[in-house]
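Single-structure report; data block below.
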Amino acid sequence: MDWVEKYRPQHLQDVVGNSSAVRHIYEWARDWSRQKKPLILYGKPGTGKTSSAYALANDMNWEVVELNASDQRTKAALEKVAGSGSTTASLTGASRKLILLDEADNLHGQADRGGAKAIVEIIAASQQPIILIANDYYSLTRELKSVTEPVQFRALQARSIVPRLRQICAAEGVTCDPAALENIASRADGDMRAAVNMLYAVSIGKEHLAVGDVHTSAKDERSTIFALVGATFKGKRDADLLRMAVEVEDTPDTVEQWLEGNLDHMPDPASHAKGYACISRADEYIGRTYRRQYYTLWRYASAVMLLGVADAAGGHGVHGRIMPPARWKKMGASKKQKAVRAGLSRKLSEMTHIPQDALREDFFTAISILVEQDPAKYVREFELDADELNLFIHDKARATKAVKEVAKEEKAKAKKASAKEKATGKGKKARDDDQPADTGESRRDPPPGQATLF
Ligand SMILES: Nc1ncnc2c1ncn2[C@@H]1O[C@H](COP(=O)(O)OP(=O)(O)OP(=O)(O)O)[C@@H](O)[C@H]1O
């Protein structure tokens, strides 16, 4: 049995941290009547939402009926349980049934809006206590928010995670360096499930856990995932790939991103589609793993993507080196893009006298079409640089070419102008007046501050 399940809190008092949320839940249950609104526990994964609901039911001697909001069969089941006010229906002698509705932020997974609406109505009129669970409160439908009472679960502090890890080590007969547990707790980033999982992984087969067992540098972690991805494209034996997948610290969704990021570099284009097919199949398992909290499915995800991509790659490797997923690079790049976009709309707004938000909302598409047709013209007109031009046209090579072309023209113009200045001897005056050089072409350009869009 894995430690996450083995050490799931059995009673509310075992739940670490989030004490005001826990008290809220307890008082709600203690005073429960049909007038009480269902609770919605929301917050980061692994902070104790599901565990608290189960611990509460245990403490109250309520039976739990767990349903999933996105499941098509949920409405019928919910109708049956929530519609019955019976308190003695249970064979176990439990006094009530606590309906636990997981993935409340995925209610739109119901086939239609009507289905979701019907569920909200059943929830609102329930004759049994209901607890809904969600990660993101803000993505819930307005209707659902209006019939429920929110309870937030916050990320756990590392200093509350450490004692729980210490307890688990003691129960398992593993002695440990305090620094090792502190290291795990801080890397878990407020997620107790992640912390317990990490502890389990590093303690396998050990009687003593030293800090060195836990502390792997970022470089070491990278080299392991590099090795796994490299071995997959090189077509290493299936058994080796599966063993490496267990060894790497990264979860299958990270491995999936790495494989996906490198797929396009397989030399044979025909193999790309095959590779993507395996990755998308693995992605379904990864999604289900998280939705159902059923980590066994991770193994299937790993097997499907690693063996599938290895088969697609046929042992031919990838062009160049194995690279970290482009998506990660893009995340950094998107910050820069935001700054470029803000600068560009400010500049265009000044030039055209159109307010920035009108430009963005009403004109951006039209401008993009125009710029796409003749990029160089608009590089001149709006004095765009390559980054700015790229916001309008996505073909990087074409954008660079247009910018270079205009730069070349400008250079030639400047050269011509300075030659002319020299010849006429009026160079100084022209510079003092800050007038554009007197060339036939420049007279056709609109003066600064009067750029025209169309
Ligand atoms: N506050 C906590 N106290 C003690 N153990 C916890 C706590 N939070 C999480 N855990 C551990 O993590 C496991 C998963 O926790 P739980 O299912 O309650 O998380 P959750 O908040 O419902 O996450 P998700 O949003 O992913 O469903 C538990 O089995 C338990 O081992």
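The values are calculated or read from the model by the stated rules, or taken from the named source; none is laboratory data. Treat the numbers as computed from the prediction; the structure is a model and nothing was measured. Cβ coordinates were reconstructed from backbone atoms using ideal geometry, including for glycine residues, and neighbour counts include every protein chain displayed.
Every condition in (1) assigned to a strand (DSSP E or B); (2) out of contact with any strand residue (DSSP E or B) (no Cβ under 7 Å at 6 or more places or on another chain) holds for ILE40 except the one numbered (2).
Just checking, does region 130-142 include any residue being part of a helix (DSSP H, G or I) and more than 16 Å from the ligand (Cβ to nearest atom)? So far as region 130-142 goes, yes, one or more of its residues are part of a helix (DSSP H, G or I) and more than 16 Å from the ligand (Cβ to nearest atom). Inside region 274-302, can you point out the residues that are surrounded by fewer than 16 Cβ atoms within 10 Å (Cβ to Cβ), among the small types (Gly, Ala, Ser) and modelled with pLDDT of 90 or more? Those that are surrounded by fewer than 16 Cβ atoms within 10 Å (Cβ to Cβ), among the small types (Gly, Ala, Ser) and modelled with pLDDT of 90 or more: ALA277, SER280. Taken together, the residues in region 170-189 that are at pLDDT 90 or above, within 16 Å of the ligand (Cβ to nearest atom) and surrounded by 15 or more Cβ atoms within 10 Å (Cβ to Cβ) amount to 4.
Matching residues to (1) among the hydroxyl-bearing types (Ser, Thr, Tyr); (2) over 26 Å from LEU165 (Cβ atoms); (3) in contact (Cβ under 8 Å) with a residue 24 or more places away in the chain; (4) touching a Leu at 6+ places or on another chain (Cβ under 7 Å):
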residue	(1), (2), (3), (4)
LYS6	no, no, no, no
HIS11	no, no, yes, no
VAL15	no, no, yes, no
SER19	yes, no, no, no
GLU27	no, yes, no, no
LYS44	no, no, yes, no
VAL64	no, yes, yes, yes
GLU79	no, yes, yes, no
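Condition check: modelled with pLDDT under 85 and either more than 16 Å from the ligand (Cβ to nearest atom) or assigned to a loop (DSSP other than H, G, I, E, B) (or both). Does GLY205 satisfy that? The answer is yes for GLY205. In region 356-374, the count of residues that are at pLDDT 85 or above and either within 31 Å of the chain's Cα centre (by Cα) or not in a helix (DSSP H, G or I) (or both) is one or more. Here is the figure for region 143-175: residues that are touching a residue at least 24 places away in the same chain (Cβ under 8 Å), part of a helix (DSSP H, G or I) and hydroxyl-bearing (Ser, Thr, Tyr) total 1.
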